[in-house]
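Let me begin by presenting the structure, written as structure tokens, before commenting on it.
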Amino acid sequence: GKHNGGDGYSFFDDSMRQAMIERNQTLRDLKLAVPGNQFELHYQPILDLDSGKITKAEALIRWRHPTRGLISPEIFIQLAEESGQIIEIGEWVFREAAKQAAIWQQSYSPTFQISINTSPLQYRDNGIDINSWCHYLEQLGLTGQAIIVEITEGLLMESSSAVKEKLWHLRDAGIEVAIDDFGTGYSSLSYLRKFDIDYLKIDQSFVSNLSADSEDIALCEAIIVMAHKLGCDVVAEGVEEKDQSQLLKNAGCDFGQGYLFSKPLSASDFTLLLNSPNRP
Ligand code: C2E
Ligand code: CA
Ligand code: CA
Ligand code: CA
């Protein structure tokens, strides 16, 4: 604006130009990230609310940029989707998570599962090749059970045959499917019946304001009852307070995930948590 000494628009021009330059630089750098081994997965525990045991982990990607430090997926996933690179990144995530699942199934629990985030673009024709995933799991001595894929509600509304085929193929391979951020997207629920979904992950926006007399608890209860009737388990995301955890447990919620239990951890810190006697 005026503080820029210009015509009132130069501030915006400059910041837009700056944003464009940064975006292009990030896109260039992103191409080098997989070959340069710059991605890492952090793991956030998912607890069985009845037993209090850690039975799963969600894998969350981070980019260790050579000069900018650790970059959040909020910054680069959308760019990677726009550039098509998400396919390559998605493959890397699957393999890294599978290797880690093999380690924790060996050292901690033979039924341990790792939940990975997937982009809708990975369900197009050139995306996930489920036969090659199965082959990779087999090489590691794993079955499909080791991996859960998280998808968006929007994906299920896409009627393309590639999407349907891949989702059915995943299920045939024993890989479970979770709907991420449930409640924030499309509202048609008929797809839940159509696709035999395994988990609904209640979005953290419904969990963060939970209290005994809030409308959000009524909403969570309704989602949980419906999910159970359809044969789905429910994971509550973004659980930060003991009260929220208790309310969710009372409402019949199966699993919880959030800062109350732990932030996402590096693989080595997660291993320490699994082995610590007074873990959550
Ligand atoms: P998401 O899948 O909904 O992941 C949950 C996000 O909430 C994570 O942010 C996690 O660190 C954060 N979180 C966990 N517990 C709490 C809590 O108690 N309170 C609050 N306020 N936040 C909590 P993160 O790691 O920055 O990931 C952001 C998003 O990036 C993810 O949202 C997911 O959509 C995407 N993402 C992450 N990893 C991948 C990946 O490997 N592939 C793809 N396609 N997307 C990914
Ligand atoms: Ca997720
Ligand atoms: Ca989520
Ligand atoms: Ca089911």
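The values are calculated or read from the model by the stated rules, or taken from the named source; none is laboratory data. Quantities reported herein were computed from a predicted structural model and do not represent experimental measurements. So basically every Cβ, Gly included, is an ideal-geometry build from the backbone, and we count neighbours across all protein chains shown. Side chains are part of the model used for accessible areas, which takes the heavy atoms of the whole protein and leaves out ligands, DNA and RNA. Shrake-Rupley method; radii C 1.70, N 1.55, O 1.52, S 1.80 Å.
Among the helices of the chain, those built from whole DSSP H runs whose Cα atoms reach 27 Å or more along their own axis and whose mean Kyte-Doolittle hydropathy is at least -0.5 are 86-107. Relative to the Cα centre, the charge distribution of the range 77-205, modelled as +1 at Lys and Arg Cβ and -1 at Asp and Glu Cβ, gives a dipole magnitude of about 280 debye. Leaving out ligands, DNA and RNA, what percent of the accessible area of the chain is carbon and sulfur, probe 1.4 Å? Reported share for carbon and sulfur atoms: 51 percent.
Only one residue of I224, S268, F195 has its Cα farthest out toward the positive end of the dipole of the range 186-278, where Lys and Arg carry +1 and Asp and Glu -1 on Cβ, and that residue is F195. With Cα atoms defining each centre, the range 23-70 and the range 204-280 are spaced 21 Å apart in the structure. The residues of the range 12-155 have, on average, 48 Å² of accessible surface per residue, using a 1.4 Å probe with all protein chains present.
Overall dimensions of the range 177-263, expressed as equivalent-ellipsoid semi-axes from the Cα gyration tensor (√(5λ), whole Å, largest first), are 21, 13, 11.
The mean sequence distance of close C-alpha pairs (under 8 Å, at least 6 residues apart), as a share of the length of the range 45-166, puts its relative contact order at 24 percent. Think of the chain as a dipole: +1 on every Lys or Arg Cβ, -1 on every Asp or Glu Cβ, centred on the Cα centre; then among I61, I179, S160, I61 lies furthest on the positive end. Taken per residue, the accessible surface of the range 189-240 reaches 47 Å², heavy atoms only and a 1.4 Å probe.
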